[in-house]
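What follows draws every value from the coordinates through simple rules; no lab data is involved. The model shown is predicted, which means the values in this text are computed figures rather than measured ones. Heads up, the Cβs are rebuilt from the backbone with ideal geometry, glycines too, and the neighbour counts pull from every protein chain shown.
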Amino acid sequence: MSTPNARALPAIEKVLKALGDQPIPRPMVTDLVRRAVQAKREAGDGVSDFDAFIASLEKEIDQVNRTRIQAVINGTGVLIHTNLGRSPIDEGAAASLHEIAINYNNLEIDLDSGGRGKRGRYFERLLALLVEAEAATVVNNCASALVLILRLFTAGTGKKEVLISRGELVEIGGGFRVPEIMQASGATLREVGATNKTSLKDYADAIGPNTAMLLKVHRSNFWMEGFVESPSTEDMAALAREHGLPFVEDLGSGAMVATDQLAPIEHEPTPNEILKRGVDLVCFSGDKIFGGPQSGMIAGRADLVQALKKEPFFRALRCDKLILSLLEATAQTYLDARAANHTPPLPLLEMLEAPVEFLEERARAIGNQLEDLPLRWSIGQGTAQVGGGTMPKSAIPSVTLDLVPDRLKAPAFAKRLRQQPVPVMGYIAENQFRLDLRTVFARQDAQLVTAIRSACPSDPS
């Protein structure tokens, strides 16, 4: 028998009619309503205030809607922000994606013979040329690239041990650690040296009949100073050759240009440099300094790249037509810029190069449009970071727009900005809400002004 409260529950159709049109699909709205009504029924509650019930559902729908992937304004000062999608894609590359996305394409068709073709051939040629390698290929991310390489040298070979320095057993983010990735591939981790000091002799002493390969992992997301030591890539390559072992370096960041010439930051090793030092294979990310979509590139010896592509596991990791299209356009931008002897016009690199004076000019122009609002604004000095587990010592001089709304505390103001039609992300310091303009596109300045004005009502209560 139904309780009096349960009988007071509204009909689903009545609730849906009251909600009207919503920004999420109708089936999702219906599901939310049914769950809400069911929760009331199980709790033995009724709906005494129908309008309040509708308001709570609208709030929940709004929260669900904000979980969809959408463009945001990044005022955090972190250029490669993992939580904000890492590197932004070049507009030209994104535009070229449209034709591929809405039409059939020659992903695996040979247009000369009419027969089946091989996926990714054009990008592989571009990448090999770009990094000056014998051959190259790509999978869906850098962790996958490492797993694939480890499987090649350990699965079915009778040898399982992979030698790696204790000082390189890094966590790459999201709780994923290099040892766990190695174990997932079926390889056996053999740690050598100490956390702060690993010598060439440590590797030499650890080599045995079960050694499958030598692995070096670039410390892209942390650094060590003081009483530290590690052998050079050249010395490790010579040791690997002496024992007939493959030598692989996980470079991570994917820098293709001299980073120290773009901004007052350290030099990040490029795949070209690493390959010239004698490694057999190098792997790196496509969505970090490279400035493309999520992907993991592998380059080096042609025989090893071909063997990787024959691995049954390779099919599970391959990139689709959209990723390959973006990678092609990005790699072409690099090669065209190299031929013209200038910096590739990619968003991340342009952010790194932006002069402080230009950022100050933008900050002042934005601030002048906020004069009539109940807030105080000022221009501050900021320090931007490369981010994305890359170049942890980087400290790039930047400019912040510092905002202090009247009668509205910084956390509440930050939340209002995140809830705008174009969400705005910044950070709070010294009770001020700060926006680092190095990571805000100039084309977003007008949207930023609109968001600030909307988030700063005349009556904050």
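Could you work out how far helix 50-65 tilts from the main Cα principal axis of the chain, as a 0 to 90 degree angle to the nearest 10?
Value to nearest ten degrees: 20.
When only C-alpha pairs under 8 Å and at least 6 residues apart count, what is the relative contact order of the chain, in percent?
19
Looking at the chain, what % of the alpha carbon pairs are farther apart than 35 Å?
When every Cα pair of the chain is considered, 46 percent fall beyond 35 Å.
Please identify every one of the chymotrypsin sites (Phe, Trp or Tyr not before Pro) in the stretch 47-131 that sits in a loop by DSSP and has no more than 12 other beta carbons within 10 Å of its own beta carbon.
The qualifying sites are Tyr104.
Can you work out the FRET efficiency for the pair His243 and Arg338, with r the C-beta to C-beta distance and R0 = 41 Å, to the nearest 0.05?
So the FRET efficiency works out to roughly 0.65.
Full-extension gain between Glu229 and Ala258, please, as 0.36 nm times their residue separation minus the C-alpha to C-alpha distance.
8.0 nm
Using θ = phi - 60° and the Karplus curve 6.51 cos²θ - 1.76 cosθ + 1.60, what whole-Hz ³J(HN,Hα) does each residue of the stretch 414-422 get, with Gly and Pro shown as x?
4, 5, 4, 5, 5, 9, 6, x, 10
Give the lysines reachable from Lys14 as a straight Cα distance under 25 Å; neighbours fewer than 8 places away on the same chain don't count.
Those lysines meeting the cut-off are Lys40, Lys59.
Please get the size of the charge dipole for the stretch 91-340, origin at its Cα centre, with Cβ charges of +1 on Lys and Arg and -1 on Asp and Glu, quoted in debye to the nearest 20.
Dipole of the stretch 91-340, to the nearest 20 debye: 780 debye.
Please tell me the relative contact order of the stretch 53-119 in percent, rounded to the nearest whole number, where contacts are Cα pairs under 8 Å and at least six residues apart.
13
Measure nothing fancy, just the Cα-based angle from helix 142-154's long axis to the longest principal axis of the chain, in degrees from 0 to 90, nearest 10.
The answer is roughly 30 degrees.
Based on Cβ point charges of +1 for Lys and Arg and -1 for Asp and Glu, what charge dipole magnitude is obtained for the stretch 4-65 about its Cα centre, in debye rounded to the nearest 20?
260
Which cross-chain or sequence-distant (5 or more) residues have an amide H under 5 Å from the amide H of His81, H modelled 1.01 Å from N in plane?
Amide H neighbours of His81, under 5 Å, 5+ apart: Arg86.
For the stretch 4-65, what is Rg from Cα atoms divided by 2.2 N^0.38 Å, rounded to two decimals?
1.05
Can you work out the FRET efficiency for the pair Thr195 and Lys393, with r the C-beta to C-beta distance and R0 = 22 Å, to the nearest 0.05?
0.70
Among the listed pairs Lys201/Lys310; Lys288/Lys321; Lys216/Lys309; Lys160/Lys197; Lys159/Lys309, which have their C-alpha atoms separated by more than 31 angstrom in this model?
In this structure, Lys201/Lys310 lie more than 31 Å apart at Cα.
Write down the percent of antiparallel bridges among all DSSP beta bridges whose residues are both part of the stretch 91-340, to the nearest 5.
45
Name the residues whose placed amide hydrogens come within less than 5 Å of the amide hydrogen of Ala384, ignoring near sequence neighbours (fewer than 5 apart) on the same chain.
Ile396, Ser398
Measure nothing fancy, just the Cα-based angle from helix 321-340's long axis to the longest principal axis of the chain, in degrees from 0 to 90, nearest 10.
60
Using θ = phi - 60° and the Karplus relation 6.51 cos²θ - 1.76 cosθ + 1.60, list the HN-Hα couplings for the stretch 194-205 in order, rounded to whole Hz, with x at every Gly or Pro.
10, 4, 9, 9, 9, 9, 5, 5, 4, 5, 4, 5
Picking from Ala39, Ala18, Phe50, whose Cα lies most toward the positive end of the charge dipole for the stretch 7-54 (charges on Cβ: Lys, Arg +1; Asp, Glu -1)?
Ala39
In the chain, what percentage of the DSSP-assigned beta bridges are antiparallel, given to the nearest 5?
Looking only at bridges with both residues in the chain, the antiparallel portion is about 60 percent.
Run the helix sum for the chain: -39,500 (n - 2.57) per DSSP H stretch of 4+ residues, divided by residue count, reported at 222 nm to the nearest 500 deg cm²/dmol.
-12000 deg cm²/dmol
Report ³J(HN,Hα) in whole Hz for each residue of the stretch 160-168, in order, from the Karplus equation J = 6.51 cos²θ - 1.76 cosθ + 1.60 where θ = phi - 60°; Gly and Pro get x.
Result, rounded to whole Hz: 10, 6, 10, 8, 8, 5, 4, x, 10.
Counting C-alpha atoms alone, how compact is the stretch 91-340: give Rg to one decimal and Dmax as a whole number, in angstrom.
18.5, 62
Starting from the amide H of Lys197, placed 1.01 Å from N in the peptide plane, find each other amide H under 5 Å away whose residue is 5 or more places distant or on another chain.
Placed amide hydrogens put Glu229 under 5 Å from Lys197.
Assign unit charges at the C-beta atoms only (+1 for Lys and Arg, -1 for Asp and Glu), then state the dipole size of the chain relative to its Cα centre in Debye, rounded to the nearest 20.
Charge dipole, the chain, about its Cα centre: 1400 debye, nearest 20.
Which one of Leu215, Gln183, Leu163 is farthest out on the positive end of the charge dipole of the stretch 91-340, using unit charges on Cβ (Lys, Arg +1; Asp, Glu -1) and the Cα centre as origin?
Result: Gln183.
Which longest uninterrupted range of the chain lacks any GluC sites (Glu not before Pro) assigned by DSSP to a loop state (not H, G, I, E or B) and surrounded by at most 15 other Cβ atoms within 10 Å?
1-107
Rounded to a whole number of µm²/s, how large is the Stokes-Einstein D of the stretch 39-158 at 4 °C and 1.567 mPa s, given Rh as the Kirkwood radius over C-alpha pairs?
Rounded to a whole number, D works out at 62 µm²/s.
Compute the relative contact order of the stretch 4-65 as a whole-number percentage, counting only Cα pairs closer than 8 Å that sit 6 or more residues apart in sequence.
The value is 49 percent.
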